[in-house]
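First the structure, in the form of structure tokens, and then the observations on it.
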Amino acid sequence: MKIQHFDYHLPKELVAQIPTSKRSASSLVLSKNQKIVHLPFSELPKLLDKDSHLVFNHTKVIKARIRVAIENKWKVEFFLLNPHNQTFEEALQRQKSVAWVCLIGNKKKLKTVDKVQAIVHGLHCTFQLLSYQENIVKIAWETSENFDQVLQKIGDIPLPPYIKRSTEESDSKRYQTIFGEKLGSVAAPTASLHFDQKLLNTLKESYATSEVNLHVGLGTFKPVSNENIREHEMHAENFELDIRDLQNIIDKKNILAIGTTVLRLLESLYWLGLKNDKSNLTLNQFENESLEDKGNGLERLLEHCLKKNIETIQGKTSLFILPGYQFKVSRQLITNFHMPKSSLLLLVDAFTKGNWRDHYNYAIENRLRFFSYGDANLFSLNR
């Protein structure tokens, strides 16, 4: 498989720069009566089978971008990726100082000085480069607040690079889902941005729902640059879910994944259930190919958790889903439009068996909106 086969031409003006005035006023592209149409997203409850079981990602985006002006002469940007030797929960509760692995914009300015002091949005902070090679930065502040509170003051919502404008106050709400709970993502699970409270209430009245938590990493925007797709290094993402939600997902067969993050996690859980060693729930990008598919992967994972009295399942996945993959859990998928040559587009190609192009061509012809603040698709698994 060559990456150029997953390219397409997108007019720049179709990349959504701002969200719709109302979340559920976005469009949903789907196949209806053997024709591709688009309807208001708010009509989703009328479009689903009665036995649909919706699975949502309850992650929440942190204000991961910190811009620092130093001596009013030059600027450095720290983009928080992962806490250094801590969980997200532990790092966000830290007081006085914390260390993160970062992307560093204008990093060359730090070659001659490993510590800078600056006032960021009224708060005096110190940024110390602990490792130039690994981009580990120690951030210290002088108040008694924890880092979560500090980040609300000094950080900005990390809008994707294809949104060519400055962050606005409204992005703090609109680049978050209405049900996000656990901080840890540096990018939004964008399929979930279309749900407002009225729509969510309507869905819950008629359909079963479950929730999972997968923190979206910056790797979601990383293009597949290798000509040979399998040479791409897939990013790892941390996940968490309650054992009761796993049980609900097992009991319901018509699973609708709200977003590629959910889809990837559900498939990862299946393969993790087939591993002999479940002491460390980590799945590498092609590890599923070496596992014997004995079926009932989710059931085996549940059995392990019950035996070990595990109530909250935690782990990490780098699963790389490529064309030809046979899906084990989800039957339907809601997802936004994805960038050319991206790992997410490869996942969608696998799910639709290549039929995503019909949706994308239709969306371009009808001038629909693309990417994070854009419109969505409803795909059903072709068998």
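The values are calculated or read from the model by the stated rules, or taken from the named source; none is laboratory data. Please read all numbers here as calculations on a predicted model, not as lab measurements. Glycine gets a Cβ as well: all are built from the backbone with ideal geometry, and neighbour counts include every protein chain shown. Side chains are part of the model used for accessible areas, which takes the heavy atoms of the whole protein and leaves out ligands, DNA and RNA. Shrake-Rupley method; radii C 1.70, N 1.55, O 1.52, S 1.80 Å.
Would you check which residues across the stretch 345-378 are touching a strand residue (DSSP E or B) at 6+ places or on another chain (Cβ under 8 Å) and either within 22 Å of I157 (Cα to Cα) or part of a strand (DSSP E or B) (or both) and list them?
Within the stretch 345-378, R369, F370, F371, S372, G374, D375, A376, N377, L378 qualify.
Inspect all residues belonging to the stretch 355-367 and state whether any of them is touching a Leu at 6+ places or on another chain (Cβ under 9 Å), open to solvent by 20 Å² or more (accessible area, probe 1.4 Å), at positive phi and in contact (Cβ under 8 Å) with a residue 60 or more places away in the chain. Please lay out each step first, then the result.
First pass over the stretch 355-367, keeping only residues touching a Leu at 6+ places or on another chain (Cβ under 9 Å): 356, 359-360, 362-364, 367.
Applying the additional criterion that residues be open to solvent by 20 Å² or more (accessible area, probe 1.4 Å) yields 362, 364, 367.
Subsequent filtering for residues that are at positive phi retains 367.
With in contact (Cβ under 8 Å) with a residue 60 or more places away in the chain added as a condition, the list becomes 367.
Yes - at least one qualifying residue is present in the stretch 355-367.
Being among the β-branched types (V, I, T) and not in a loop (DSSP other than H, G, I, E, B) is the filter here; which residues of the stretch 42-69 pass it? Full working, then the answer.
Of all residues in the stretch 42-69, those among the β-branched types (V, I, T) come to 55, 59, 61-62, 66, 68.
Residues satisfying the conditions are V55, T59, V61, I66, V68.
Restricting attention to the stretch 183-199, and to residues there that are among the small types (G, A, S) and closer than 20 Å to T312 by Cβ, which single residue is surrounded by the fewest Cβ atoms within 10 Å (Cβ to Cβ)?
G184
Could you please let me know if T202 is at pLDDT 95 or above, part of a helix (DSSP H, G or I), open to solvent by 20 Å² or more (accessible area, probe 1.4 Å) and hydroxyl-bearing (S, T, Y)? Can you show your working first?
Values: at pLDDT 95 or above: yes; part of a helix (DSSP H, G or I): yes; open to solvent by 20 Å² or more (accessible area, probe 1.4 Å): yes; hydroxyl-bearing (S, T, Y): yes.
In short, yes.
If you go through the stretch 297-311 one residue at a time, do you hit one that is among the polar types (S, T, N, Q) and touching a residue at least 40 places away in the same chain (Cβ under 8 Å)? Steps first, please.
Taking the stretch 297-311 as the starting set, the residues that turn out to be among the polar types (S, T, N, Q) are 309.
With touching a residue at least 40 places away in the same chain (Cβ under 8 Å) added as a condition, the list becomes none.
No, the stretch 297-311 has no match at all.
Could we say that G180 is closer than 23 Å to A257 by Cα, touching a Lys or Arg at 6+ places or on another chain (Cβ under 6 Å), open to solvent by less than 60 Å² (accessible area, probe 1.4 Å) and in contact (Cβ under 8 Å) with a residue 60 or more places away in the chain here?
Values: closer than 23 Å to A257 by Cα: yes; touching a Lys or Arg at 6+ places or on another chain (Cβ under 6 Å): yes; open to solvent by less than 60 Å² (accessible area, probe 1.4 Å): yes; in contact (Cβ under 8 Å) with a residue 60 or more places away in the chain: yes.
Spelling it out, G180 is indeed closer than 23 Å to A257 by Cα, touching a Lys or Arg at 6+ places or on another chain (Cβ under 6 Å), open to solvent by less than 60 Å² (accessible area, probe 1.4 Å) and in contact (Cβ under 8 Å) with a residue 60 or more places away in the chain.
Which condition number does L291 fail, the rest of (1) crowded, with 18+ Cβ neighbours inside 10 Å; (2) in contact with a Leu (Cβ under 6 Å, 6 or more places away or on another chain) being met?
Among (1) crowded, with 18+ Cβ neighbours inside 10 Å; (2) in contact with a Leu (Cβ under 6 Å, 6 or more places away or on another chain), L291 violates only (1).
Taking strands (runs of 3 or more DSSP E) that do not extend beyond the stretch 76-168, which have at least 3 residues that are within 26 Å of G315 (Cα to Cα)? Talk me through it step by step, then tell me what you get.
Numbers: elements: 97-105, 115-120, 123-131, 136-141.
In the stretch 76-168, the matching strands (runs of 3 or more DSSP E) lie at 97-105, 136-141.
I'd like to know if the stretch 320-333 contains one or more residues that are buried (at least 23 other Cβ atoms within 10 Å of the Cβ), in a loop (DSSP other than H, G, I, E, B) and aliphatic (A, V, I, L, M).
Yes; the residues of the stretch 320-333 include at least one that is buried (at least 23 other Cβ atoms within 10 Å of the Cβ), in a loop (DSSP other than H, G, I, E, B) and aliphatic (A, V, I, L, M).
In the stretch 228-268, what residues are within 22 Å of K341 (Cα to Cα), open to solvent by 20 Å² or more (accessible area, probe 1.4 Å) and basic (K, R)?
The one that is within 22 Å of K341 (Cα to Cα), open to solvent by 20 Å² or more (accessible area, probe 1.4 Å) and basic (K, R): R230.
Give K204, K115, K164 a once-over and let me know the one that is farther than 25 Å from F379 by Cβ and out of contact with any Ser or Thr (no Cβ under 7 Å at 6 or more places or on another chain).
On the way: K204 fails: farther than 25 Å from F379 by Cβ; K115 fails: out of contact with any Ser or Thr (no Cβ under 7 Å at 6 or more places or on another chain).
Criteria check complete, one pass: K164.
Would you pick out the residues in the stretch 1-31 that are of a type in the set (G, A, S) and surrounded by 13 or more Cβ atoms within 10 Å (Cβ to Cβ)?
Looking only at the stretch 1-31, we keep the residues that are of a type in the set (G, A, S), and these are 16, 21, 24-27, 31.
Within the stretch 1-31, A16, S24, A25, S26, S27, S31 meet the criteria.
In the stretch 67-85, what count of residues is obtained for those that are over 20 Å from G219 (Cβ atoms) and either modelled with pLDDT of 95 or more or surrounded by 15 or more Cβ atoms within 10 Å (Cβ to Cβ) (or both)?
4
Quick check on the stretch 269-288: of everything there that is over 20 Å from I229 (Cα atoms) and out of contact with any helix residue (DSSP H, G or I) (no Cβ under 7 Å at 6 or more places or on another chain), which residue is most open to solvent (accessible area, probe 1.4 Å)? Full working, then the answer.
Here is the first cut: in the stretch 269-288, the residues over 20 Å from I229 (Cα atoms) are 269-282.
Keeping just the survivors that are out of contact with any helix residue (DSSP H, G or I) (no Cβ under 7 Å at 6 or more places or on another chain) gives 275-277, 279-280, 282.
Details: K275: 28, N276: 151, D277: 94, S279: 102, N280: 96, T282: 40 Å².
The qualifying residue most open to solvent (accessible area, probe 1.4 Å) is N276.
What do you reckon, is I313 within 24 Å of I243 (Cα to Cα), outside any helix (DSSP H, G or I) and open to solvent by less than 10 Å² (accessible area, probe 1.4 Å)? Let's see the steps before the verdict.
On the way: within 24 Å of I243 (Cα to Cα): yes; outside any helix (DSSP H, G or I): yes; open to solvent by less than 10 Å² (accessible area, probe 1.4 Å): yes.
Answer is yes for this residue.
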